[in-house]
Amino acid sequence: MKFFIDTADIEQIKAAHDMGLVDGVTTNPSLVAKTGRKFTDVLKDIVALIDGPISAEVVATDAEGMVAEARELIQYHPTNIVIKIPMTGEGLKATRALAAEGIRVNMTLVFSPLQALLAAKAGAAYVSPFVGRLDDVGHDGMSGVGEILTIFKNYGFETEVIVASVRSPLHVLRAGLMGAHICTIPYGVIMQLTKHPLTDVGIEKFLADWNKSQQ
Ligand code: E4P
């Protein structure tokens, strides 16, 4: 399973990249707003650091505006920039147009397997089901991911599933067990994945034994 990092914070991207855990990056307008920086400056920094798919989201709500924004964003890296487009009728139109030009789209704000099917049919390279936000309203977000994977397999779609809105290591575990292509993970959850209390206890014991033996 590929790991994307879900952040616009360049220090977090660097730290996860140094551990070999960044196959790609996803950003969104809220994550960029948190940095207090200009989106284009953030994008330049990410592109300089990561050689992999980098999702940059449009803010236009009409297909024409989305396509125009996409053409600007793609200038930051012709092969690594992926255009993130929200799952609406206009978004599907824009996705179809961009896919025809060979520009990859990550269809975002997907909350149902049928929305994912529409995104794949429109030619999206990636689809991002938001599992945490579904859990928040009492649904099991990950079960929808399983259904999306089944539908894509049934019809041979090449669209990759990015498990998004990840809130805990359990989301990552379930994504791996289901065979999701990608998980986009906040930095805090990546760090949680590195930890196990028995690892800490083990290190403490090894060091204590070592120090005793060397006296
Ligand atoms: C995905 O690409 C989104 O940026 C992200 O996963 C949304 O997560 P949230 O629901 O925690 O805001």
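A few notes on this one:
- Pairs from Lys84/Lys195; Lys2/Lys93; Lys38/Lys195; Lys2/Lys34; Lys2/Lys153 whose Cα-Cα separation, in the structure shown, is over 22 Å: Lys84/Lys195; Lys2/Lys93; Lys38/Lys195; Lys2/Lys34
- The chain: angle of helix 113-122 to the longest principal axis, Cα-based, in degrees nearest 10: 60 degrees
- Per-bin percent of Cα-Cα distances, the chain [5 Å]: 1, 7, 15, 17, 19, 15, 10, 5, 3, 3, 2, 1, 1, 0, 0
No value in this document is a laboratory result; all are computed from the given coordinates. Just so it is clear, the structure is predicted and the values come from calculations on it, not from any experiment.
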